[in-house]
Amino acid sequence: MNGSEVQFWSFVTAALLMIIGIYAIIFMDNIIKKIIGVMLIGDGVNLVLITEGFKPGGIVPIISEKLYNQSPGIFQEFADQASYSLPFALVLTNIVIGASTLAVLLGITIKLYQHYNSLSVHEIFKEEKI
Amino acid sequence: MKFQQSQEMRNLIAAIFVGIFSYFIIKALTDFDIVPGVSYIYNLRGPLIAPNMITVILFDWRGYDTLGEAFILITAVLTTGILFGRGVLGGDVSEKDSTPIRPSTIVQKVFAAPLVFIIVAFGVVITLGGHITPGGGFQGGSVIATAFFLSVVVYGFKKNVFNLSHNSLETLEGVGALIYLCLGLVGLGLSGYYLYNVGADLYPYLGVGDTATRLFSYPDSTNAGIIPYLNIGIALKVLSGFCTIITVLWGAEKK
Amino acid sequence: MINPVGTIVIALILGIVFGMSIRGEYFNKKTYATIFGFALFIDIFMGSFPYYTWDIFVELPVSGIFLAAMVGLFTGKAFRER
Amino acid sequence: MNSELIPLMVIFPLISAILLNLMHGKDKVVRAYGILAMLVVLVVPIFASYGNHLFGAHPVVDTLPQLKISLSEVNLAIEYNFAFLQKALVFLLAAIATFAVLSHISNEKKVSGVYLSMIMLSIAAVSAVVMANDIFNMFVFLEIMTIAQAAIVIAVGGVSGYKAAFKYLVFGGVAGASILLGIALLLGTFGVLNISDLHNSLSGNMTNPIVLTAVGLIVIGWLFESGLFPFHTIKSNMYSAAKPDIAALLQTQTKIVLVALAIVLLRLFGGYSNMTAVMLGLSVGTLIIGSVMALLQTDFRRLLAFTAVSQAGLVGIGIGLGTRLGIAAGIFHAINDAIAMSLLFITVYFIYERAKTTEFKRLGGLLVQAPKLAFIQIIGILIVSGVPPFNAYQSEFRIIDATIQAGHPELGVLVILGTILTFVALMKGFYLTFLKENTTKIALGKVHIYNGLPTVTYVTLIILVIACVGIGLFPMPFYDRAYSVALKILVGW
């Protein structure tokens, strides 16, 4: 596979991850599975961002000492070769957001399980009126 | 409408929604023409600040986003604390830790304690090398938190290798976040811009001689400014945040 | 971090901070031997990993930060046990 | 133009949040610092001068051919805008938050530092969302706001709070991912994150299908964050599970975020008539469904929660019209309604604190015990229903006017219908609480509702009524500014 094909299939994978996540949130009965769905959607978005940063044939956006000493002051060559680094930084942020949401959701799940002794949505949200 | 009925109707609507959503997502993502955009400028100017572009974006160009990110973690940690009784309205409720100590195999017991040492040291390396190599505060902090998880899993919470109480973890987290906030305030005070990268090359202004300059010579000849210190603050915060979350969730009473 | 010395000092401080919070009861001669063996191996394997090279006296092919953090951990643990 | 006080509106609450958390347990220190911090939070937006703030001091840079961007220059740093609208919204938020914090400090026997720190975090997050001129920064702080609001509800304790917070976080996760995917698509297509730059890039690319998807995704996020139609039950669950004085803060935050995000949407995608049509349609749905649902409730808190949601729909109608008059009236109504609904929530807070319940079947006959409270509440009901001397009248009238000017008089009829339904629902609540004979003889006989109340909260109510009357009598200074904001949105920032 060449670079752009990798990119294409990566996007398709991301879309599938998101769709599976949406499916899990809507149709699964188990709370844990719903939470996994939320996390899958977040991962899908992360994959979209990572793939946007991907550059076919590019290098890691860390300048080496050699490249630095070659062109002090002007880093045209490095910038031409390096992958797009902004999406990677955004992904780091989103990973932490996902981890935080996951922690709180799991905590609430423990509490709900202690109260209802069940993880089924039907059981827990039974009295809820629409 | 009762729950059961509404579920059926909801499922129908939801199926249609999922279909439409899938169509649009796949359609949008499969014909996507990517523009480098500002990333290119970041790559072009970034090497003047520090060699690792991602760290430069995280802590310099968009350092304020990272501040927000750190605070999401703090919010989540506090929220987990609230869930298990710390700071609820009407006084704290403390749940007793009733988790049994799990029996571990001899291999786990012999190797866990040495591994904890090595993982912590490795986490420190990743944190401090964050602006030159892949790594940084988040990664280093998570690695150190892994050591904590490992010792909790092997030795149980009460007798784990680290003797970190909930309060000391909270303090560590507060210190980490305050380092970040106050370094930002330094920039605000000196230049008028919050999170201004203050650490310009200080050594020429110190008036030290030639020997001293060689003694302090910096291998990559750029100056990362406050970025390493921000990394340290973030590392402290992330590691204590994750440790607090695992502490709280581990202590949840089983019924 | 302006220079390798600064990094090593900070690694030492962080090591001491974490070492202060480590309980002593799991450590005996065997574990210390394991730690030293592992640490030496990893240290040489990492080489000058975060590229802070110690070039004042002699070019050492080990990671100074890792070594400093290890020393800090042991120092902190010793402090705590005293 | 760089104003140094602008970041402090976010940074100071964040510092206070950490300090309050560290102080948790030391009762007197928390009380003293809480009051002090709220004073600073109130004062900073007043003294901050208008302008922009660049984080990290990275100014605008000329673009290069390799960027493939059609702009002549792009912003590198995160930028904050601070103008009259931002000042008004941040000050409104700070004021309502001050009331919430003071009510917590003066009413609870043991003050919770963690709880106050959560309130601080939500203040900081909403202020950041209001001021941010960077779409990703806005997303990050929206996530902080979501988790902090969930924490505020969780802190009340009880399973209903957990359930509300669970739903809120699950849907919040999906909505956040949806916004982020929209941002990712925009970033991939145009390569910039700054809203002004995106606005300039977008102006020539209105038919790009990827942009259309991004619009849809961000609109979904907007609907969730402002509690409009498909998500109305989630928000109303949150309001009714929280303590009523904090619910006042929560609904204020929702309306502020509604306005802030809608302005971003209009600035970026104002050219898409389909988007405003969707916004308008769902807002109308929210108004009608919210007020009908409010009529059906058997609990005063839930009734108010649905009323708050339906009023958010009213704000959405104004903004969704997409005309100058509509946007101005919508923004104006958001401010007015946040004040008025806070007033109602705080009156219900009194009942909740004394009777420990707000269910209608256990309440009744409170008029004898609390005549002043009844008087204030009836004023609040009149304000929310849009009766002339008060502020909501001025804005609701202008929304109806805008619907007619925009050529949709039928929407005006719907707005009037919704307002009437709201009035009926609120009057039902008032009747069942104050006028109906108390059959259950719940312990209210001994407790005098008004007499036992702390003066702080009482003064809060008076201040809110005065604010409502003041804006109602002199609406023009506010409305004119809102109108100029609307002009700026439509013509260019």
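The values are calculated or read from the model by the stated rules, or taken from the named source; none is laboratory data. Fair warning: this is a prediction, and the values are worked out from it, not measured in the lab. FYI the Cβ positions are ideal-geometry reconstructions off the backbone, even for glycines, and counts take in every protein chain you see. What goes into the accessible areas is simple: the full protein's heavy atoms, side chains included, and nothing from ligands, DNA or RNA. Shrake-Rupley method; radii C 1.70, N 1.55, O 1.52, S 1.80 Å.
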Practice task
Find the residue count for the range A:85-130, including only residues that are assigned to a helix (DSSP H, G or I), farther than 24 Å from D:ALA184 by Cβ, more than 8 Å from chain B (Cβ to nearest Cβ) and not hydroxyl-bearing (Ser, Thr, Tyr).
Solution key: 5
Practice task
Kindly indicate which of B:LEU164, B:LEU181 is over 23 Å from C:ILE8 (Cβ atoms), at pLDDT below 85, within 7 Å of another protein chain (Cβ to nearest Cβ) and surrounded by fewer than 22 Cβ atoms within 10 Å (Cβ to Cβ).
Solution key: B:LEU164
Exercise for the section: Any residue in the range D:177-201 that's within 8 Å of another protein chain (Cβ to nearest Cβ): show its pairings with residues that are of a type in the set (Asp, Glu) and surrounded by 24 or more Cβ atoms within 10 Å (Cβ to Cβ) at Cβ separation under 7 Å, as long as the two are six or more apart or on different chains. Expected result: D:ALA184/A:GLU52; D:LEU187/A:GLU52; D:GLY188/A:GLU52; D:LEU193/D:ASP134
Completion exercise
Condition set of a type in the set (Val, Ile, Thr) and facing chain B (nearest Cβ under 10 Å), scope the range D:154-164, selection farthest from D:ILE18 (Cα to Cα): answer is D:VAL156
Exercise for the section: Determine, yes or no, whether D:ALA95 is at pLDDT 90 or above and more than 25 Å from B:CYS182 (Cα to Cα). Expected result: yes
Exercise for the section: Would you tally the residues in the range D:91-114 being at the interface with another protein chain (Cβ under 10 Å from one of its Cβ atoms) and crowded, with 24+ Cβ neighbours inside 10 Å? Expected result: 4
Completion exercise
In the range A:1-54, anything without any contact (Cβ under 8 Å) to a residue 40 or more places away in the chain, at the interface with another protein chain (Cβ under 7 Å from one of its Cβ atoms) and under 12 Å from the mean Cα position of the chain (by Cα) is listed as A:ALA14, A:ALA15, A:MET18, A:ILE41, A:VAL48
Exercise for the section: With the condition kept exactly as written, say whether any residue in the range D:7-20 is touching a residue at least 24 places away in the same chain (Cβ under 8 Å), under 26 Å from D:VAL129 (Cβ atoms) and in contact with a Lys or Arg (Cβ under 7 Å, 6 or more places away or on another chain). Expected result: no
Problem - Odd one out for D:GLY380 among (1) part of a helix (DSSP H, G or I); (2) more than 13 Å from D:GLY429 (Cβ to Cβ); (3) in contact (Cβ under 8 Å) with a residue 40 or more places away in the chain - result: (2)
Fill in the blank from the handout: Restricting the range A:74-84 to residues that are within 19 Å of A:LEU49 (Cα to Cα) and in a loop (DSSP other than H, G, I, E, B), the one nearest to the other protein chains (Cβ to nearest Cβ) turns out to be A:TYR84
Exercise for the section: For the range B:56-90, name all the residues that are out of contact with any Asp or Glu (no Cβ under 8 Å at 6 or more places or on another chain), at the interface with chain D (Cβ under 7 Å from one of its Cβ atoms), open to solvent by less than 10 Å² (accessible area, probe 1.4 Å) and β-branched (Val, Ile, Thr). Expected result: B:THR75, B:THR79, B:ILE82
Exercise for the section: Would you mind telling me which numbered condition in (1) charged (D, E, K, R); (2) under 30 Å from B:PHE138 (Cα atoms); (3) more than 7 Å from every other protein chain (Cβ to nearest Cβ) B:GLU8 fails? Expected result: (2)
Completion exercise
Looking across the range B:27-48 at residues that are facing chain D (nearest Cβ under 7 Å) and aliphatic (A, V, I, L, M), the single one that is nearest to D:PHE190 (Cα to Cα) is B:VAL35
Exercise for the section: Would you please name the residue that is nearest to the chain's Cα centre (by Cα), looking only at residues in the range A:55-72 that are more than 10 Å from chain B (Cβ to nearest Cβ) and in a helix (DSSP H, G or I)? Expected result: A:LYS66
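May I ask you to verify whether A:LEU16 is of a type outside the set (Lys, Arg) and under 18 Å from A:LEU86 (Cα atoms)? Steps first, answer last, please.
Working: of a type outside the set (Lys, Arg): yes; under 18 Å from A:LEU86 (Cα atoms): no.
Criteria not met by A:LEU16.
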Practice task
Check whether at least one residue in the range D:342-360 is in a helix (DSSP H, G or I) and under 13 Å from the mean Cα position of the chain (by Cα), and report yes or no.
Solution key: yes
Handout entry: Which listed residue, of D:VAL10, D:VAL30, D:VAL41, is buried (at least 23 other Cβ atoms within 10 Å of the Cβ), more than 13 Å from every other protein chain (Cβ to nearest Cβ) and of a type outside the set (Ser, Thr, Tyr)
Key = D:VAL41
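Listed residues D:LEU20, D:LEU89; which is over 23 Å from the mean Cα position of the chain (by Cα) and outside any loop (DSSP other than H, G, I, E, B)? Step through it out loud before you land on a result.
On the way: D:LEU89 fails: over 23 Å from the mean Cα position of the chain (by Cα).
Selected residue: D:LEU20, the only one of D:LEU20, D:LEU89 that is over 23 Å from the mean Cα position of the chain (by Cα) and outside any loop (DSSP other than H, G, I, E, B).
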Fill in the blank from the handout: Subset of the range D:352-392, residues open to solvent by less than 50 Å² (accessible area, probe 1.4 Å) and at positive phi, comes to D:GLY364, D:GLY365, D:GLY386
Problem - A:LEU102 being surrounded by fewer than 23 Cβ atoms within 10 Å (Cβ to Cβ), within 14 Å of the chain's Cα centre (by Cα) and farther than 27 Å from B:SER142 by Cα - result: no
Practice task
With the condition kept exactly as written, say whether any residue in the range B:25-41 is buried (at least 20 other Cβ atoms within 10 Å of the Cβ) and touching a strand residue (DSSP E or B) at 6+ places or on another chain (Cβ under 7 Å).
Solution key: yes
